[in-house]
Amino acid sequence: MTDAVLYEADDEGIVTLTLNRPELRNPITDREVIDGLLAALERLEADPAARVAILTGAGKGFSSGGNINEMKPGGSVNAGTPVKTRIGYKRGVQRLPLAFAALEVPVIAAVNGAAIGAGCDLTCMCDLRIAGESAKFAESFVKLGLIAGDGGSWLLPRVIGWSKAAEMALTGDMIDAAEALACGLVSKVVPDAELMDAARALARRIAANPSHAVRMTKRLLWEGRRSDLASLLEMAAAMQAAAHTTADHAEAVEAFLAKRKPEFKGD
């Protein structure tokens, strides 16, 4: 990992990932940031003590999306020829939505300031989103004569619905935190100074549950985006069979019957 993405774990099973390029407002198309995020997600998934993660940005913005300087011919985004650029996207930023989709640890986006273009799409790769009052979002690719090369056209409609996603993508216009809340892009808006406290409070509510059940629930929610009902029911039956054998499930039943607080150990 590099210092482009910071990784901090606490003793409650909550991991905080911070995009750490504040001088550029945390673009995510640079190789250093992409590799840092991928390494962080791999570490997160491999850690049995990790129950939930929070993703945020250092400084005054969540993520500016693409690094405009790298969009010039020969840059890391625009490689100069169509073939090289296509390969660059596949080996670069397009690895991020695939990694987030494969991740079973839930991720909360704590959106501070602006989330623009690929930065907006990055919030949609996460499972939950809360925002500070100053947060702003834009699916702004068309304003640069581009399209969402990072999977935004798949992600955004599944988060906020087709009509609003089409409005954001076709106009490229900015929306504020209040509008993001109204359309379901975020589930909560809090004062900027309270954003990380609110994110941690939400993370604790998730981390309080049995970790195996949380991870399987996330997997089913993601599979439900693309599976038919019969296929999802088959997967749910298999996962439920596994869940019934866990020590945490037995503990939950015993605690309920004894009217006491359960003590989950991830077993």
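A few comments on the model shown:
- Of all residues in region 123-148, those satisfying the criterion of being among the small types (Gly, Ala, Ser) and under 17 Å from the mean Cα position of the chain (by Cα) are ALA131, GLY132, ALA135, ALA138, ALA148.
- Flag if ASP267 is under 17 Å from GLY13 (Cβ atoms), in contact with a Phe, Trp or Tyr (Cβ under 7 Å, 6 or more places away or on another chain) and at pLDDT below 95: no
- A residue that is assigned to a loop (DSSP other than H, G, I, E, B) and modelled with pLDDT under 95 occurs nowhere in region 211-221.
- Residue that is modelled with pLDDT of 95 or more, of a type outside the set (Ser, Thr, Tyr) and open to solvent by less than 40 Å² (accessible area, probe 1.4 Å), where the choices are ALA182, ALA135: ALA135
- Strands (runs of 3 or more DSSP E) fully within region 87-199 that include at least 1 residues being more than 19 Å from ALA53 (Cβ to Cβ) and in contact with a strand residue (DSSP E or B) (Cβ under 9 Å, 6 or more places away or on another chain): 114-116, 136-138, 174-176, 188-190.
- Filter result for GLY149 (buried (at least 16 other Cβ atoms within 10 Å of the Cβ) and over 20 Å from VAL107 (Cβ atoms)): yes
- Hits in region 2-22 - residues which are over 11 Å from LEU44 (Cβ atoms) and either of a type in the set (Ser, Thr, Tyr) or open to solvent by 30 Å² or more (accessible area, probe 1.4 Å) (or both): THR2, ASP3, LEU6, GLU8, ASP10, ASP11, GLU12, THR18, ASN20, ARG21, PRO22
- Count of region 216-250 residues, restricted to those that are in contact (Cβ under 8 Å) with a residue 40 or more places away in the chain and either surrounded by 18 or more Cβ atoms within 10 Å (Cβ to Cβ) or farther than 16 Å from PRO106 by Cβ (or both), is 2.
- Residue list for region 1-24, filter: assigned to a strand (DSSP E or B), polar (S, T, N, Q) and free of Cβ contacts under 8 Å to residues at least 40 places away in the same chain: none
- Top-ranked residue of region 251-267 - restricted to ones that are open to solvent by less than 70 Å² (accessible area, probe 1.4 Å) and assigned to a helix (DSSP H, G or I), ranked as farthest from VAL214 (Cα to Cα): ALA258
The values are calculated or read from the model by the stated rules, or taken from the named source; none is laboratory data. These numbers come from a predicted model, not from an experiment. Note that we place each Cβ from the backbone using ideal geometry, even for glycine, and neighbour counts take in every protein chain shown. Just so you know, the surface numbers come from the protein's heavy atoms only, side chains and all, with ligands and any DNA or RNA stripped out. Shrake-Rupley method; radii C 1.70, N 1.55, O 1.52, S 1.80 Å.
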